[in-house]
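The values are calculated or read from the model by the stated rules, or taken from the named source; none is laboratory data. Computed from a predicted model, the values in this text were never measured in an experiment. Quick reminder, even Gly has a Cβ in these numbers, built from the backbone with ideal geometry, and neighbours come from all protein chains shown. Ligands, DNA and RNA are excluded from the accessible area calculation, which covers all protein heavy atoms including side chains. Shrake-Rupley method; radii C 1.70, N 1.55, O 1.52, S 1.80 Å.
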Amino acid sequence: MSSVMGSTIERRRIIIQGIVQGVGFRPFVYGQALHRSLVGFVLNDSTGVTIEVEGPLDALDGFQHALREQAPPLARIDSLVVEPVVPCYETSFIIAQSQAGAERHALISPDTATCNDCLRELFDPTDRRYHYPFINCTNCGPRFTIVKDVPYDRDKTTMRVFSMCPACQAEYDDPLNRRFHAQPNACALCGPQVHFINWVEGETRQVSPLLNADPIVAVAQRLAAGAVLAIKGLGGYHLACDALNEEAVRRLRQRKHREAKPFALMAPDLETIRRLCQVSDTEAALLQSHRRPIVLLSQRPDCPVAPDVAPAYDTLGVMLPYTPLHHLLLRAFAEASEPGRLPVLVMTSGNLSDEPIAYQDDDARQRLASIAEGMLAHNRDIHMRCDDSVVRITAGGEQILRWSRSYVPEPIALPFDLPLPLLACGGHLKNTFCLGKGRQAFVSHHIGDLENLETLTSFREGIEHFQRLFDIYPRAVAYDLHPEYLATKYALDMDVPQKIGVQHHHAHIASVLAEHGLQGSVIGLAADGTGYGTDGAVWGCEIMAADLMGFERLAHLAYVPLPGGEQAVRQPWRMAAVYLAQAYGDAFWELDIPFVRELDRSKWHVLAQMIARGINSLPTSSMGRLFDAVAALIGLRNEVLYEGQAAIELEMLAQQQEKGIHKGQAGIYPFTINKRDQMPATLDVAPMFRAIVSNIQQGVSASEIAGRFHSSIAELLATMCSGTREQTGLNVVALSGGVFQNRLLLEQLVKRLEEMAFQVYVNRRVPPNDGGISLGQIAVAAAHLQR
Ligand SMILES: [Zn+2]
Ligand SMILES: [Zn+2]
């Protein structure tokens, strides 16, 4: 400590880790130091940012406080370590040259929605970037989707081909400018451009925004006139049309061969969204957050969007614009629409049903020209495909249904150190993979269903890309036990010393343990569609005593046959018939209910033979199939176009009952719990089916039956947890699995468990569906390796 002109001078070294590179952190530090007349330096190094700062004590304290309290919006400080060092008596504060190897281990920020400063400039006619669709700064813009390699530098992004003009370069070089070292910095003179391609007339018109005709305005006008167009965005292409135009939405749905899944919407502002849906304060904050996910919201009864946007749904997935191009498009679309008409666009993934989202221009032309009449393209390449993320508010918090754009590649902090660099390959449907090192787990963007070559390719390429970006070369791999999953085959083909198979539902439960940092044993309750069991059966409703090391299966839904495997998933009538046969034997044919009257006897005969001979009829304890069966039994649908469709409709129906003015007599359908020594207990729902059948015969409405069924399942699961608590003494419950995307069931069950004084944990950071199991796999594998 020394004294200069009467005041005490100190020097401190401050080492900061977290997301502190590529987010404007150094200029922020520089500005704070100048403001307080401090001297020293700031630099990027291999783990984050190092600062040495010197000056009077109180100025240093203020500086240190500001680091945490006023950090730039995209920065995330994971640790800040301060140590005193000897003063050097410099005369200025500088941004020093990055250290060799710097940024190699630093985190890459996710893509981030346009910030308010950039938005103001975008719509300011006097600004030099007025209406420039690629405006960005260190606080916003593309990151993950344009990065090809590390360190994060313009040269290693798809912005490499654009040389900055003198004005942009000056901003880039000025530490006090908002665009200091903003790698995607650009303007209309030097940066990417949009152009419109008309596929229908075969003409390509490339129009620079500097010329009079603005392609975005042209596209907005065509959309307002009913066109279906492809729009190149941040992580891929969207297919867009006017969401209020019934004919256009129907045309899009027909051409996309996607008959049932709802389309996401984009609206220019929150006020417009409030005209479509109910929006709570939490939901409004989520919609407006810098991540700008698709948020699932409850539709208002007078919601004006075309019925084909989300057929049979009472929710809508809505997002706000998140790139300058989207802001300009929505504004131009509002101007092109008839006065008084709500400007809302369908913005659904640019792909045919089941294929990954298109993200390269040639690919888009090839695959989307049969769906869209033209496309709004641009010449900034997308390096990494990334779908929109999907989130909703449920059971008192956020539930992530698809972890992707603007969330990836932010790591999830683990409660323990991984003993080795690890890869987890995830599941088959809604695949994500996960790479981990130290205490960080990087769950990948949504890859999709690993059922075709395109998805498998994006899985492989994604893994290679993540390995490079985060310098994680796995020495062990975790995989699902299902021998036929492509992700499993990929893992088994890898050349690594250790391979760890993780049971599907154990991985689900472990994902909850990992994200909440729970190290002890819990009651794990997994409710799911399909997961390979250790006995070869198709598991799906499992109550286990579990920790990261392992699990003991204490109870499950009683087995029924799954006749035809995948066919039984596509045809819920099969499961309804199977459950009726279980409840009544062959006598179920005499039941006087619509489902049985309409059932094709010869088809059932074939199934019964398959089951009797054990042909393609694995036993299953799937909760998803139980929901399918009840949906078919009460006449909702006999066939589905995607897994979960019947169950979702059953939930919608039950919610009508929940909201309904006249609430039928309360009541729980009966069930039986069979306990046998040394064996998992089984939950027998045959009594439930007999009660539902008599309700149908009494003329009880389908919505009332659906409501009562949900309450009954919640009660059954809560009863099981209570029994497990008596047996094990455990009081913490972890819930996971695709069935918990059913909000009604989840909320009822959580409420019931909390009434019973359980401590309940659900997934908040990763999806409860199979998109979350890669995180669980990595946690289980780590526990095994540590041993
Ligand atoms: Zn900005
Ligand atoms: Zn420029």
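Against the definition (part of a loop (DSSP other than H, G, I, E, B) and at pLDDT 95 or above), how does L548 come out, yes or no? Criteria met by L548.
Within the stretch 117-149, the residues that satisfy the criterion of being within 19 Å of S404 (Cβ to Cβ) and either of a type in the set (S, T, N, Q) or not in a loop (DSSP other than H, G, I, E, B) (or both) are C140, G141, T145, V147.
For the stretch 308-333, residues that are buried (at least 19 other Cβ atoms within 10 Å of the Cβ), farther than 15 Å from C277 by Cβ and out of contact with any Asp or Glu (no Cβ under 7 Å at 6 or more places or on another chain) total 13. Taken together, V305, V295 contain a single residue that is open to solvent by less than 40 Å² (accessible area, probe 1.4 Å) and either outside any loop (DSSP other than H, G, I, E, B) or under 26 Å from F144 (Cβ atoms) (or both), which is V295. Residues that are open to solvent by 10 Å² or more (accessible area, probe 1.4 Å) and of a type outside the set (V, I, T) were ranked within the stretch 114-124; the one that is farthest from ligand 2 (Cβ to nearest atom) is N116. Evaluation of I135 against the conditions (1) among the aliphatic types (A, V, I, L, M); (2) surrounded by fewer than 24 Cβ atoms within 10 Å (Cβ to Cβ); (3) within 16 Å of ligand 1 (Cβ to nearest atom) shows that the sole unmet condition is (2). Of all residues in the stretch 534-558, those satisfying the criterion of being small (G, A, S) and surrounded by 22 or more Cβ atoms within 10 Å (Cβ to Cβ) are G540, A546, A555. Checking each residue in the stretch 385-407 for being assigned to a loop (DSSP other than H, G, I, E, B), more than 15 Å from T348 (Cα to Cα) and open to solvent by less than 20 Å² (accessible area, probe 1.4 Å) picks out W403, S406, Y407. Of all residues in the stretch 612-645, those satisfying the criterion of being open to solvent by less than 50 Å² (accessible area, probe 1.4 Å) and within 22 Å of the chain's Cα centre (by Cα) are G624, Y642, G644, Q645. Kindly provide the set of residues from the stretch 231-273 that are surrounded by fewer than 24 Cβ atoms within 10 Å (Cβ to Cβ), part of a loop (DSSP other than H, G, I, E, B) and among the aliphatic types (A, V, I, L, M), ordered by number. Across the stretch 231-273, the qualifying residues are L244, A260. Among the residues making up the stretch 339-352, those that are at pLDDT below 95, open to solvent by 10 Å² or more (accessible area, probe 1.4 Å) and in contact with a helix residue (DSSP H, G or I) (Cβ under 8 Å, 6 or more places away or on another chain) are N351, L352.
Figure legend. Inter-residue proximity from the stretch 610-622: first residues in a loop (DSSP other than H, G, I, E, B), second residues open to solvent by 50 Å² or more (accessible area, probe 1.4 Å), beta-carbon distance below 9 Å, spacing 6+ or different chains. Indicated pairs: I615/Q609; N616/Q567; S621/Y559.
Taking the criterion of being more than 18 Å from L74 (Cα to Cα), more than 13 Å from ligand 2 (Cβ to nearest atom) and touching a residue at least 60 places away in the same chain (Cβ under 8 Å), would at least one residue in the stretch 167-189 satisfy it? No: the stretch 167-189 contains no residue that is more than 18 Å from L74 (Cα to Cα), more than 13 Å from ligand 2 (Cβ to nearest atom) and touching a residue at least 60 places away in the same chain (Cβ under 8 Å). Residues of the stretch 770-787 that are assigned to a helix (DSSP H, G or I) and over 10 Å from L418 (Cα atoms): D770, G771, G772, I773, S774, L775, G776, Q777, V780, H784.
Of the residues contained in the stretch 498-521, none is found to be aliphatic (A, V, I, L, M), within 29 Å of L633 (Cα to Cα) and open to solvent by less than 10 Å² (accessible area, probe 1.4 Å). The set of residues in the stretch 104-116 being within 8 Å of ligand 1 (Cβ to nearest atom) and either part of a strand (DSSP E or B) or under 20 Å from D387 (Cβ atoms) (or both) consists of T114 alone. All conditions but one from (1) within 16 Å of ligand 1 (Cβ to nearest atom); (2) acidic (D, E); (3) surrounded by fewer than 17 Cβ atoms within 10 Å (Cβ to Cβ); (4) without any contact (Cβ under 8 Å) to a residue 60 or more places away in the chain apply to E90; the one that does not is (1). Of D127, D155, D173, all but one fail to be charged (D, E, K, R), open to solvent by 10 Å² or more (accessible area, probe 1.4 Å) and within 16 Å of ligand 1 (Cβ to nearest atom); the exception is D127.
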